[in-house]
1. Sort out which residues of region 63-78 are in a helix (DSSP H, G or I) and either surrounded by 15 or more Cβ atoms within 10 Å (Cβ to Cβ) or under 15 Å from the mean Cα position of the chain (by Cα) (or both), and write them in order of number.
2. So which residues in region 105-148 are over 26 Å from residue 22 (Cα atoms) and not in a helix (DSSP H, G or I), if there are any at all?
3. What are the pairs with Cβ atoms under 9 angstrom where one residue, in region 128-144, is surrounded by 10 or more Cβ atoms within 10 Å (Cβ to Cβ) and the other, located anywhere, is not in a helix (DSSP H, G or I)? Sequence gap at least six, or different chains.
4. For region 79-104, give me the residue count where each residue is in a helix (DSSP H, G or I) and in contact (Cβ under 8 Å) with a residue 12 or more places away in the chain.
5. Just for region 16-31: of the residues that are modelled with pLDDT of 90 or more and part of a loop (DSSP other than H, G, I, E, B), which one is surrounded by the fewest Cβ atoms within 10 Å (Cβ to Cβ)?
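The values are calculated or read from the model by the stated rules, or taken from the named source; none is laboratory data. In this text, all values refer to a predicted model and were calculated from it rather than measured experimentally. Positions of Cβ are generated from backbone atoms using ideal geometry, with glycine treated the same way; all protein chains shown enter the neighbour counts.
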């Protein structure tokens, strides 16, 4: 499982060093790399096995609504296969860097079955938004259902 968060820098070519704790998870996969797409203003990074499960669920959806077609088009159609090099880096394609607003400073956030890559300033905004939203009773009740 991917857990925790850490601050990193993209190099001038757009490569990102994947932290050892995340690389260890990726080494358990059949291919050392990630499938990267965009969601919620960040990049979402899945192992190849995790990505295959998502694709299977998407294919098996009974809903063929316009919203699901659009989601498939952007989320699946915009995904990139990004392998790790010998130094544990992955090259994030320019189109994905642009969509997520990534410049130099980024934050990697483990989200159990995947991890996300956020522009540092966008991550700070997301954190502030959650802190504000935690004052809402409906959100506190959802979190309380987890036993927290």
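1. Within region 63-78, 71, 72, 74, 75, 76 meet the criteria.
2. 134, 135, 136, 145, 147
3. 140/134; 143/134
4. Matching residues across region 79-104 total 6.
5. 19
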